[in-house]
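*Asks:* One structure coming up, written as structure tokens, with questions to follow.
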Amino acid sequence: MRRSNLIILLILGTCLHVAGQGQPSPYAGRITAILQEMPSPNDSLKTISMKQMEKLGEPGLTALAMMTQTGNINVQYALSAYTGYVTAALQDSARKTAVKAYCRALKLVTSTPAKIFLINQLQLCGNDLAAATIAPYLVQEALCDAAVRALIQIGGPVAKPTVVYALSKAKGNARIALINAIGELRYLSGLDAVTALANTRDLRQRRAALMAIANLGNESSDSLLHAAAAKAGYVYDSSNATAAYILFAQRMAENWPQEPARVIAARMLRECKSHAQLPTRIAALQIMVNVHFNESNRILGDAAADPDPGFRAAALKMAARNMNTANTSYWIDRIAREKGAVKAGILLLLGESQQRATTRVIQAALADSNMVVKIAAIKAAGLLGNTTMIASLVFEMNKADSSTIFLIRDVLLTMRSKMVASTASISLQNKPPLMQIALLQILEARKAEESKPRVLAMLQSANPAVKEQAEKTLKAIE
């Protein structure tokens with residue numbers, strides 16, 4: 001007999017007895033045969049094993065579940081596989097039987113690992129019976145985490161009030177887990193219980209309570225959460241008060257009407273002005289955009305003109321998610337009213353939109369006297385990828401400094417059109433040396449063989465750097 005089979009038989013000899021009689025279980029032989037096939041080498045054999053386990057019925061499954069006390073991997077594999085099997089569609093009868101067996105075994109096993117394993121199985125297939133069976137473990141430190149996770153997954157009319165009832169009896173980590181569970185279950189009847197803990201001296205419990213209250217999303221909690229966030233200065237700290245108030249606003253935005261969410265977001269934007277409060281301002285802006293989607297362009301346009309560059313960047317990022325022909329027209333009109341860094345940010349937004357209607361304003365911005373705007377326009381032209389911009393970009397090289405010349409070169413190389421090489425080729429003569437070098441590098445990168453005569457002409461340049469680049473380009477295109 002193989003060693004693994006011997007181990008299984010020893011386990012069965014220890015665990016499988018008829019209660020109170022010391023008699024070997026009538027299921028011992030069948031369970032041994034099933035475990036010897038675990039893990040199954042393919043799906044077909046696995047299905048056969050699952051059918052055999054189903055035929056064990058509640059008593060046989062209970063006997064098998066009690067074997068989890070031994071920590072045997074084959075037992076755990078078999079039960080895990082069977083849990084997955086009974087949770088599939090059209091297995092309601094088998095699922096109910098499995099739940100009864102797991103619940104019965106959970107009461108009988110004594111080791112903590114075995115109880116946790118069975119609770120985890122009930123988390124996947126459990127019902128109201130499972131919730132009631134798991135309830136006593138909510139106040140036990142070692143088992144609370146597994147029990148809470150199971151009840152959150154099971155939900156329903158038994159699990160939710162059970163969690164609230166256990167909160168009054170739990171301590172330490174168990175209490176914190178239960179507070180979190182009330183929030184995750186969105187069980188409004190637990191609001192009073194967690195609100196009572198919002199001002200406790202225990203920081204961990206207070207933090208969990210604030211997040212749970214926020215998760216419940218009841219309008220009556222506004223004043224409490226607002227006061228806590230304001231006390232924290234609307235910055236993220238150990239109290240989690242600011243994070244809780246933002247979560248609360250998000251939950252309110254999920255309800256109808258959404259006006260309370262708008263009021264909260266507007267309040268945060270009004271009360272938060274410092275750079276330290278930037279994450280809160282951005283979160284509030286996103287909520288405002290979500291609840292006033294039809295006015296999002298105006299809201300984001302105003303935010304894009306904010307003095308804080310981080311806030312401007314966040315607003316433009318939000319705007320980029322919803323750019324279309326209709327929205328583009330708003331930003332084209334908006335850019336005429338802006339200048340400097342604000343105008344530069346909008347130019348990049350228009351370039352990223354790849355809407356052809358933006359060509360005119362980007363092209364005009366190439367001639368802007370403000371270098372920040374000019375550089376943004378160059379980058380936007382590359383993002384737009386419109387071939388009508390190629391000649392304008394090359395023209396700007398004539399009066400640009402060295403860094404701008406090579407920026408334009410890099411932007412032109414991002415464009416796939418053959419017009420890039422042809423325009424660079426015809427623009428070589430009588431240009432500043434740095435511009436000639438940049439244009440030759442474009443021809444080298446594109447291996448523009450048709451430009452060979454003009455490259456040969458550059459070999460006669462009086463500038464050594466231009467001549468050297470012409471030689472490199474000639475080798476690349478030949």
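Residues checked against (1) surrounded by fewer than 14 Cβ atoms within 10 Å (Cβ to Cβ); (2) at pLDDT 95 or above; (3) farther than 22 Å from Met389 by Cβ:
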{"residue": "Ile405", "(1), (2), (3)": "no, yes, no"}
{"residue": "Ile408", "(1), (2), (3)": "no, yes, no"}
{"residue": "Val411", "(1), (2), (3)": "no, yes, no"}
{"residue": "Asn430", "(1), (2), (3)": "yes, no, yes"}
{"residue": "Gln436", "(1), (2), (3)": "no, yes, no"}
{"residue": "Leu440", "(1), (2), (3)": "no, yes, no"}
{"residue": "Lys447", "(1), (2), (3)": "yes, no, yes"}
{"residue": "Val455", "(1), (2), (3)": "no, no, yes"}
{"residue": "Glu478", "(1), (2), (3)": "yes, no, yes"}
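*Asks:* Filter the range 218-239 down to residues that are within 23 Å of the chain's Cα centre (by Cα) and of a type in the set (Lys, Arg), then give me how many there are.
*Replies:* Selection size over the range 218-239: 0.
*Asks:* Could you pull out every one of the helices (runs of 4 or more DSSP H) wholly within the range 186-274 that has 2 or more residues that are touching a Phe, Trp or Tyr at 6+ places or on another chain (Cβ under 8 Å)?
*Replies:* Numbers: elements: 191-195, 203-216, 222-231, 241-253, 259-271.
Counting at least 2 such residues, we get 203-216, 222-231, 241-253, 259-271.
*Asks:* Let me ask you something else. If a residue must be touching a helix residue (DSSP H, G or I) at 6+ places or on another chain (Cβ under 8 Å) and over 23 Å from Leu393 (Cβ atoms), how many such residues does the range 450-459 contain? Before you say what the answer is, go through the steps one by one.
*Replies:* Going residue by residue through the range 450-459, those that are touching a helix residue (DSSP H, G or I) at 6+ places or on another chain (Cβ under 8 Å) are 450-452, 454-456, 458-459.
The next check asks that each one be over 23 Å from Leu393 (Cβ atoms); those that pass are 452, 456, 459.
Selection size over the range 450-459: 3.
*Asks:* For the range 303-310, indicate whether the set of residues that are at pLDDT below 95, among the hydrophobic types (A, V, I, L, M, F, W, C) and in a helix (DSSP H, G or I) is non-empty.
*Replies:* No, the range 303-310 has no match at all.
*Asks:* Restricting to the range 387-410, what's the tally of residues that are within 15 Å of Ile437 (Cα to Cα) and within 39 Å of the chain's Cα centre (by Cα)?
*Replies:* Within the range 387-410, residues that are within 15 Å of Ile437 (Cα to Cα) and within 39 Å of the chain's Cα centre (by Cα) number 7.
*Asks:* Among the residues of the range 274-305, write down those that are closer than 18 Å to Ile332 by Cα, surrounded by 15 or more Cβ atoms within 10 Å (Cβ to Cβ) and not small (Gly, Ala, Ser).
*Replies:* Result: Asn297, Ile299, Leu300.
*Asks:* Another question, if that's okay. Can you say whether Gly84 is surrounded by fewer than 17 Cβ atoms within 10 Å (Cβ to Cβ) and more than 34 Å from the chain's Cα centre (by Cα), as far as the supplied structure shows? Let's see the steps before the verdict.
*Replies:* Details: surrounded by fewer than 17 Cβ atoms within 10 Å (Cβ to Cβ): yes; more than 34 Å from the chain's Cα centre (by Cα): no.
Considered against the rule, which asks whether it is surrounded by fewer than 17 Cβ atoms within 10 Å (Cβ to Cβ) and more than 34 Å from the chain's Cα centre (by Cα), Gly84 comes out as no.
*Asks:* Could you give every pair whose Cβ atoms fall below 8 Å, whose first residue belongs to the range 391-407 and is more than 18 Å from Ile426 (Cα to Cα), and whose second residue is part of a helix (DSSP H, G or I) and among the basic types (Lys, Arg), counting only separations of at least 6 or pairs across chains?
*Replies:* What qualifies is Thr404/Lys374; Leu407/Lys379.
*Asks:* Further question: Right, Leu278: closer than 14 Å to Ile299 by Cα, out of contact with any strand residue (DSSP E or B) (no Cβ under 9 Å at 6 or more places or on another chain) and assigned to a helix (DSSP H, G or I) or not?
*Replies:* When the stated conditions are applied, Leu278 does not pass them.
*Asks:* Give the residue that is nearest to Lys343 (Cα to Cα), with candidates limited to residues of the range 356-386 that are not acidic (Asp, Glu) and not in a helix (DSSP H, G or I).
*Replies:* The residue in question is Asn370.
*Asks:* Related question: Give the residues of the range 134-145 that are surrounded by fewer than 22 Cβ atoms within 10 Å (Cβ to Cβ) and part of a helix (DSSP H, G or I), sorted by residue number. Walk me through how you get there before you give the answer.
*Replies:* Taking the range 134-145 as the starting set, the residues that turn out to be surrounded by fewer than 22 Cβ atoms within 10 Å (Cβ to Cβ) are 135-136, 139-143, 145.
Within the range 134-145, Ala135, Pro136, Val139, Glu141, Ala142, Leu143, Asp145 meet the criteria.
*Asks:* Out of the range 30-46, which residues are part of a helix (DSSP H, G or I) and surrounded by 12 or more Cβ atoms within 10 Å (Cβ to Cβ)? Explain how you work it out, then say what you get.
*Replies:* Applying the first criterion (part of a helix (DSSP H, G or I)) to the range 30-46 yields 30-36, 43-46.
Those that are part of a helix (DSSP H, G or I) and surrounded by 12 or more Cβ atoms within 10 Å (Cβ to Cβ): Arg30, Ile31, Thr32, Ala33, Ile34, Leu35, Gln36, Leu45, Lys46.
The rows are residues; the columns are (1) in contact (Cβ under 8 Å) with a residue 24 or more places away in the chain; (2) outside the structural domain of Leu79 (by TED's automatic domain parsing); (3) in contact with an Asp or Glu (Cβ under 8 Å, 6 or more places away or on another chain).
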site	(1), (2), (3)
Thr112	yes, no, no
Ala142	yes, yes, no
Val158	yes, yes, yes
Ala181	yes, yes, no
Thr200	no, yes, no
Arg204	yes, yes, no
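The values are calculated or read from the model by the stated rules, or taken from the named source; none is laboratory data. Only a predicted model underlies this, so the values are computations on that prediction, with no experimental measurement involved. Glycine also receives a Cβ, built like all others from the backbone with ideal geometry; neighbour counts cover every protein chain displayed.
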